[in-house]
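Peer 1: So that we are looking at the same thing, I have put the structure below in structure tokens.
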Amino acid sequence: MSDNFVFPAPAAVGLPINGSDASFPVRRVYCVGRNYAAHAREMGFDPDREPPFFFCKPNDAQSIVPVPEGRTVAIPYPSRTDNYHYEIELVVAIGKAGRDIAPEDASHIFGYAVGLDMTRRDLQMRMREQGRPWEIGKAFDYSAPIGPITPLAHNGPLDSGAITLTVDGKIVQSSDLANLIWNVSDTIAQLSTLFELRPGDLIMTGTPEGVGAVRPGQTMVGSVDGLSPIHVQIV
Ligand code: MN
């Protein structure tokens, strides 16, 4: 009996879907590294012709924080860091399985959301310097606040549009989806050569320049044109 577990198995995290009473069950969370040239430069890299690379965040309720429309959600300042960074990102929600997906095939996209790839930058950098995995810098509790999913049909494919983050009302990140080195189509094509994508997968597509630190008490507002903004306070 596969349901005869010694303790209750955790349920999937559900993200709200705009225009629907149903929610989106999260399966895996893939993230793209250095996908805007100006951000790659600020991190000390030459963005020219570097293929996309990927890492993952956990998919459990302790890591993913759904941020409903019109609400400010609090997340705790994480342990063991003095340099806790925001990264505003476009999140792609996958609704149909596939591998080796062609860039022109948008049928696997369920919709889009606004998300934050919260990062313990000091720990990530230490791991990077030592050639070690990034998990302690990227895959910690409450590290992925994500807003409601707007279905693809609402806006069509998102290839351009403003992406912005404010902290306490001041703009700290401001770019355009057109500046993605690997746009959504290319990212899905590349990622699906490495993993079979499945319904419920999320792809955090990378952050533009302007990343920086936040402290307890500060409130971030992240937005992408056409999608529900997210309000997140550090406590
Ligand atoms: Mn990121």
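The values are calculated or read from the model by the stated rules, or taken from the named source; none is laboratory data. Model, not experiment: these values are computed from the prediction. Don't worry about glycine lacking a Cβ; one is built from the backbone with ideal geometry, like all the others, and counts go over all protein chains shown. Note: areas computed on protein heavy atoms with side chains; ligands, DNA, RNA excluded. Shrake-Rupley method; radii C 1.70, N 1.55, O 1.52, S 1.80 Å.
Peer 1: Mind checking which of G115, S63, G95 is farthest towards the positive end of the chain's charge dipole, using Cβ charges of +1 (Lys, Arg) and -1 (Asp, Glu) about the Cα centre?
Peer 2: With unit charges placed on the Cβ atoms, the residue in question is S63.
Peer 1: Using alpha-carbon pairs under 8 Å, 6+ residues apart, how would you state the relative contact order of segment 14-234 in percent?
Peer 2: Details: 561 pairs, mean separation 72.5, N = 221.
Rounded, it is 33 percent for segment 14-234.
Peer 1: Any idea of the accessible area per residue across the chain, 1.4 Å probe, to the nearest Å²? Please report the intermediate quantities before stating the final value.
Peer 2: Details: 10680 Å² over 235 residues.
Each residue of the chain exposes 45 Å² on average to a 1.4 Å probe.
Peer 1: Sorted by mean Cβ packing within 10 Å, highest first, what order do the peptides 71-84, 33-46, 220-233 take?
Peer 2: Details: 71-84: 13.7, 33-46: 17.0, 220-233: 20.6.
In decreasing order of mean packing, 71-84, 33-46, 220-233 become 220-233, 33-46, 71-84.
Peer 1: What is the percent carbon and sulfur in the accessible area of segment 14-234, measuring with a 1.4 Å probe over the protein chains and ignoring ligands? Mind dumping the intermediate values first?
Peer 2: Numbers: 4470 of 9230 Å².
Roughly 48 percent, rounded to a whole number.
Peer 1: Of the peptides 202-212, 178-188, how do they stack up when ordered by the mean number of other Cβ atoms within 10 Å, highest first?
Peer 2: Working: 202-212: 22.8, 178-188: 19.3.
The most tightly packed comes first, giving 202-212, 178-188.
Peer 1: Which order do F24, F5, F54 take when ranked by solvent-accessible area (1.4 Å probe, heavy atoms of all protein chains), largest first? Walk me through the numbers before you get to the answer.
Peer 2: Numbers: F24 10, F5 125, F54 45 Å².
Sorted by accessible area, descending: F5, F54, F24.
Peer 1: For the chain, with the dipole built from +1 on Lys and Arg beta-carbon atoms and -1 on Asp and Glu ones, taken about the Cα centre, which of W182, T150, P16 lies farthest toward the positive end?
Peer 2: The residue sitting most towards the positive pole is P16.
Peer 1: Quick one: accessible surface of E104, probe radius 1.4 Å, all protein chains present, in square angstrom to the nearest 10.
Peer 2: Rounded to the nearest 10, the figure is 150 Å².
Peer 1: Can you give the net charge of the other residues whose Cβ lies under 15 Å from the Cβ of Q62, counting K and R as +1 and D and E as -1? Each step should come with its number before you reach the end.
Peer 2: Numbers: positive: K57, K138; negative: D60, E135, D141.
So the surrounding residues net to -1.
Peer 1: Right, here's the next one. Sort R121, R27 by accessible area with a 1.4 Å probe, largest first.
Peer 2: Working: R121 10, R27 70 Å².
Accessible-area ranking of R121, R27, largest first: R27, R121.
Peer 1: Can you compute the helix-only [θ] at 222 nm over the chain? Use -39500 (n - 2.57) per DSSP H run of at least 4 residues, normalise by all residues, nearest 500 deg cm²/dmol. Let's see the in-between values first.
Peer 2: On the way: 5 runs with 34 residues, N = 235.
When only DSSP H runs of four or more count, the value is -3500 deg cm²/dmol.
Peer 1: Please report the base-10 log of the normalised intensity I(q)/I(0) for the chain, using a Debye sum with one equal scatterer per alpha carbon and no solvent, at each q in 0.11 (1/Å).
Peer 2: For the chain at q = 0.11 Å⁻¹, log10 I(q)/I(0) is -0.52.
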